[in-house]
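Okay, so here's the structure we're looking at.
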Amino acid sequence: MLEKINSPADIKNLQLGEMEILAGEIRKKIIETVSHTGGHLASSLGAVELTLALHYVFDTPRDKIVWDVGHQAYAHKIITGRRERFHTLRQKDGISGFTRREESIYDAFNAGHSSTSISAAAGIAEARCLKGEDFKVIVVIGDGSLTAGMAFEALNWAGDRKKDLIIVLNDNEMSISHNVGALSSYLNRIMTGHKMTKFRTDVKNFLKTIPNIGEQVVKFTRQAEESLKGLFVPGVLFEELGFQYVGPLEGHRLDHLIKNLRNVKELKRPVLVHVVTKKGKGYRFAEEEPSRFHGVGPFNRETGQPLSDGASPPTYTEVFGRTLVQFARENPKIVAITAAMCSGTGLDPFCGELPERFYDVGIAEQHGVTLAAGIAVEGFKPVVAIYSTFLQRAYDQVLHDVCLQNLPVVFVLDRGGIAGEDGATHQGLFDLSYLRSIPNLVVMAPKDENELRHMLKTAVEHSGPVSIRYPRGRGVGVPLEDPPRLLEIGKGEVLKEGKDLVLLAIGSTVYPALSAARQLETEGIHVVVVNCRFVKPLDAELLCSIVATVKRVITVEENVLMGGFGSAVLEMFQERGIRDVAVKRLGIPDVFVEHATQAELRRKYGIDEEGIKEAVRQMISR
């Protein structure tokens, strides 16, 4: 069946049984591909029937489907002309793991960060009205994404606007199975049917014409209807926000989905369709462990186990999680906060051992940061673990609620630098720039997993706000010193002496810089290598003393060049009146970095070992 599907038009003439077969083939395709490429498996497996029903009922791409995050959109990609390229998912020059307007006319809005879909769709609906056009706008958002404040802001606004907008809530976690089934589907089909909708409207309009009592009767009728509906469905909140609530519907029953979506399509008002699905549907391992299979690397399809990459060192994430638990055992003031990323940020051990001091705020980074500020005001030491790219969502809270008050909050930024296959929305390439300009905040990055432990010790002992960023993936394999020691704030270390040129490196670029320098030694080029450790404050005394005799400097960072570590070095030289030094900055230029492996991207932007060597040779030759 799947080989015949090149666009949504190809599914519109299928019989129900054929669509069910197609759903199975799509699942097989997704599992086969993701087992090789990695990706967001469980969510996409759970949304296959929903995807087919949406494209079957609605006229895409004229009708616009806006997918939140994009975790659920693999089936959508497969049936919208990308089946033959699906094996390139998240690979260099391949298709994105998220929706991309540049990739297909069926992708109505770019996704990657959660909870943006309702706002975007509301904007598309408003533009439709301004242009005098007539098409449907449909949102698909997960229950996790609905925990974010932005989603509720958009619901509140869109419901009040009363424009034609359909929100499909794909619920794969809420315990509401008793409301799901033939009865619920039947009730909602009746309630949203054309005759019933017209009858209700006609009765209300008639009642309003009755002097004095008409409005009161309408109000009483609505309240009675809501009370009755509340006995069957949990949609009162959405009704109060201005949406007509439909559901819950069985998300894997194509007949129920299609019949209800056809009725909803006829409505001309804000509607929320509540669909209950099973995360990981159709793949036993993903059904049993949906959290582990939310975002996975390559794995063995037969066993569900990750493919071994032959690497033995622990990941930075694991080292952070274990070290924080160690410190928290000794210090009852340490608490941990994350935003729906307990496993992803390495906080599972903390949650398991110290649950009373662990807070998962859901997809609500802004709330999480200000929650930390409130806890810190009362004398505790909050450690906020968030991916670099997601902390961007809470920039104002970091600045206004934490740093302005100089509160001792520790920000631990996982996936700092190049994150790899998740692409432009997930590369943590901006944090050194957006954080170092904030007063009171110490900004640092470890060269390896052992130094991460020292930095975490330093951070929890510091009296003000601190950020630590480290890369995605495994450490370099160095021994872990125990106990970790305090580092002097703002002090770097010289790892190699030289006389021809200085390499100033930060974080994940330190070891490539050191390796490059050692190889250049065989070419007669003698390079100083400095592990700067701190972007803010810089070790100005050390750097100035080195450039007093060595006049060529190359800075290396896994961050955008604009406003980053290299910029900080240039600013420091200017402030100190140092003008006779040649400086070249290596880092990410003024672009958004697309998806590929970390190694491929580091090579592309010249911040791997070979790129550093070539930059040194060029500067020496000049």
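Where a number appears in this text, it was derived from the coordinates with a stated rule and is not lab data. This one's a predicted model, so the numbers in the text were calculated from it and none came from an experiment. Cβ atoms come from the backbone with ideal geometry, glycine included; neighbour counts cover every protein chain shown.
Qualifying trypsin sites (Lys or Arg not before Pro) in region 1-58, where qualification requires a DSSP coil assignment and no more than 15 other C-beta atoms within 10 Å, comprise 12.
Scalar couplings 3J(HN,Hα) for region 380-385, obtained by applying the Karplus form with A = 6.51, B = -1.76, C = 1.60 to θ = phi - 60°, are 9, 10, x, 10, 9, 9 Hz; x denotes Gly and Pro. Other residues within the sphere of radius under 10 Å centred on the Cβ of residue 537, judged by their own Cβ, net out at +2 (K and R +1, D and E -1). Reported to the nearest whole Å, the Cα centre-to-centre distance from region 1-69 to region 240-266 is 18. Roughly how tilted is helix 565-575, in degrees to the nearest 10 and between 0 and 90, from the longest Cα axis of the chain? It works out to around 50 degrees.
Over region 493-621, what is the percentage of antiparallel beta bridges among all DSSP beta bridges, to the nearest 5?
15
Taking a straight Cα-Cα cut-off under 16 Å and skipping sequence neighbours fewer than 8 places away in the same chain, the lysines within cross-link reach of residue 259 are 12, 195. Taking the number of Cβ atoms within 10 Å of each Cβ as an exposure proxy, the fewest-first ranking of 59, 401 is 59, 401.
Classify region 493-621 from the C-alpha gyration tensor, please: rounded if a/c falls under 1.5, else prolate or oblate depending on whether a/b exceeds b/c. Oblate shape, in that a/c is at least 1.5 and b/c is the bigger or equal ratio.
Partner aspartates and glutamates whose Cα lies under 19 Å from the Cα of residue 499, excluding those fewer than 8 positions away in the same chain, are identified as 521, 523, 541, 580, 614. Note on residue 404 and residue 152: their simple-model spin labels are 2.2 nm apart, each label 7 Å out from Cα toward Cβ. Computed with the Debye formula from one identical point scatterer per Cα of region 1-44, without solvent, the log10 of I(q)/I(0) at q = 0.23 Å⁻¹ comes to -0.82. Net charge in the neighbourhood of residue 334 (other residues with Cβ under 10 Å of its Cβ; Lys, Arg +1, Asp, Glu -1) is +3.
By its C-alpha gyration tensor, with a ≥ b ≥ c as the square roots of the eigenvalues, how is region 240-382 shaped: rounded for a/c under 1.5, else prolate for a/b larger than b/c, else oblate?
Verdict is oblate for region 240-382.
Here's how it looks for residue 536: its modeled amide H is under 5 Å from those of 443, which are all 5 or more places away or on a different chain. Of all lysines in the structure, the ones whose alpha carbon falls short of 26 Å from that of residue 92, not counting any fewer than 8 places away in one chain, are 28, 29, 77, 604, 613.
Helical runs (DSSP H, four residues minimum) scored at -39500 (n - 2.57) apiece and divided by the length of the chain put the mean residue ellipticity at 222 nm at -11500 deg cm²/dmol. DSSP beta bridges confined to the chain are antiparallel in about 15 percent of cases.
Normalising by the residue count of the chain, find the relative contact order in percent from Cα pairs under 8 Å and 6+ residues apart. Please report the intermediate quantities before stating the final value.
Details: 1240 pairs, mean separation 70.6, N = 622.
The normalised contact order for the chain reaches 11 percent.
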